[in-house]
Amino acid sequence: MHTTVGIIGAGPAGLLLSQLLHRQGIDNVVLESRGRAYVEHRQRAGILEQGTVDVLRASGAAERMDRQGIPHAGIELRFDRAAHRIDFPSLTGGRQVMVYAQTEVVKDLIALREAAGGTVLFEAEATAVTGIDGDHPRIDYRHQGAEHTLDCDLVVACDGFHGIGRHSMPEGLPRVTQRDHPFAWLGILAEVPPSCQELIYAQHERGFALHSMRSAEVSRLYLQVDPDDRIEAWPDQRIWDELDTRFATDDGWTLRRGPITEKSITPMRSFVAEPMRHGRLFLAGDAAHIVPPTGAKGLNLAVADVTLLAAAVAAWQRDGDQSLLDGYSETALRRVWRAEHFSHTMTTLLHTDPGEDEFDRRLRLSHLRYLASSPAAAATIAENYVGLPLT
């Protein structure tokens, strides 16, 4: 089988790239090692930047998002038992974000590709990527008990941190920069209406907490925990009590409780692999970079990557112009490092580091008070949160 663009990974990056290429008449094939049910139900991010919303609309993937998504015009910073709102539209020229779960984005994109007759092969494990220094790279893959080869003009690896794509580059590439943070997130899904209209980012001496939501009936909440914590040490009652403590204010605000349907502990990592291209192999999304979830950037960076790639492939196919392909890595990495910086700032600002001292704590509190009192300082949070321009 031959295709113009072979895409490894049917997460939001790979599926959106497939859809964007399809709309420009460029054939492509998506290979996904997992089954469709797994891909459509794995829980991930839920905050879409303004630019991500715009791209999904332009791709034809926004009909359900526009019906069911929850627009948010701000976030709340909570510290010292008080709430402080950052208003996005007034600080960013009208921009805002959308709460719509990544699982739903993936379902929408799969349905679109299926309706258009696109080739998305589930349970198709890529086993090797070769020929990337020539004009005809190939992906060897295993599907339905048989070995197959996909001949391509380009290969795009959207296969995550553990995928084969990044490891198919020559020895010594890509160069990796990373940091493991000294805390993790315990995340829960609860069948209870959210206790807030917008996300709450709470800084407390016992650690960070976040109140988010998946819908008007389902809440998503997080607690900072030790990376070595075990989920068995966190029965439901303890989770709700700890959330109560960290979200507590002096204005009578109440946290709603309900049945917890899912809980997990996720380590916090920052990771960048560069360059994001070698020969005819391109990396996108978590295959190239990971950010702490505090800044809500992971999914949005993946969307930015494939939006750049789709435009670059189209220019190459339409006009024979390779300049955007050649500039992809440098252009994408500028945005990646800005997002890494923002995510690091939000993470260190809101989390309690087990190695910090009183001086560190007082510096963080001063920074939070400055953000709550200065529109100029708040604007730096707002413009990064809603998303910076693509290039």
Q) Counting only residues 5 or more places away or on other chains, whose amide H sits under 5 Å from the amide H of Thr3 once H atoms are built in the peptide plane? A) Asp151, Cys152, Asp153
Q) What dipole magnitude, in Debye to the nearest 20, does the chain give about its Cα centre under +1 on Lys/Arg Cβ and -1 on Asp/Glu Cβ? A) 560 debye
Q: Please give the calculated 222 nm ellipticity per residue for the chain, where each DSSP H segment of at least 4 residues contributes -39500 (n - 2.57) and the sum is spread over every residue; nearest 500 deg cm²/dmol?
A: -11500 deg cm²/dmol
Q. So what's the angle, to the nearest 10 degrees on a 0 to 90 scale, between helix 236-247 and the longest Cα principal axis of the chain?
A. 70 degrees
Q.
Using only the alpha-carbon atoms, how far is helix 323-350 inclined from the longest principal axis of the chain? Give it as 0 to 90 degrees, nearest 10.
A. 20 degrees
Q. With contacts defined as alpha carbon pairs under 8 Å and 6 or more residues apart, what's the relative contact order of the chain in percent?
A. 21 percent
Q.
I'd like to compare 290-297, 107-114: which one has the highest average count of other Cβ atoms within 10 Å, and what's the full order after that?
A. 290-297, 107-114
Q.
For the chain, take the longest principal axis of its alpha carbons; what is the angle in degrees between that and the long axis of helix 298-319, to the nearest 10 within 0 to 90?
A. 30 degrees
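We did not get these values from a lab; they are worked out from the coordinates using the rules stated. Please read all numbers here as calculations on a predicted model, not as lab measurements. Cβ coordinates were reconstructed from backbone atoms using ideal geometry, including for glycine residues, and neighbour counts include every protein chain displayed.
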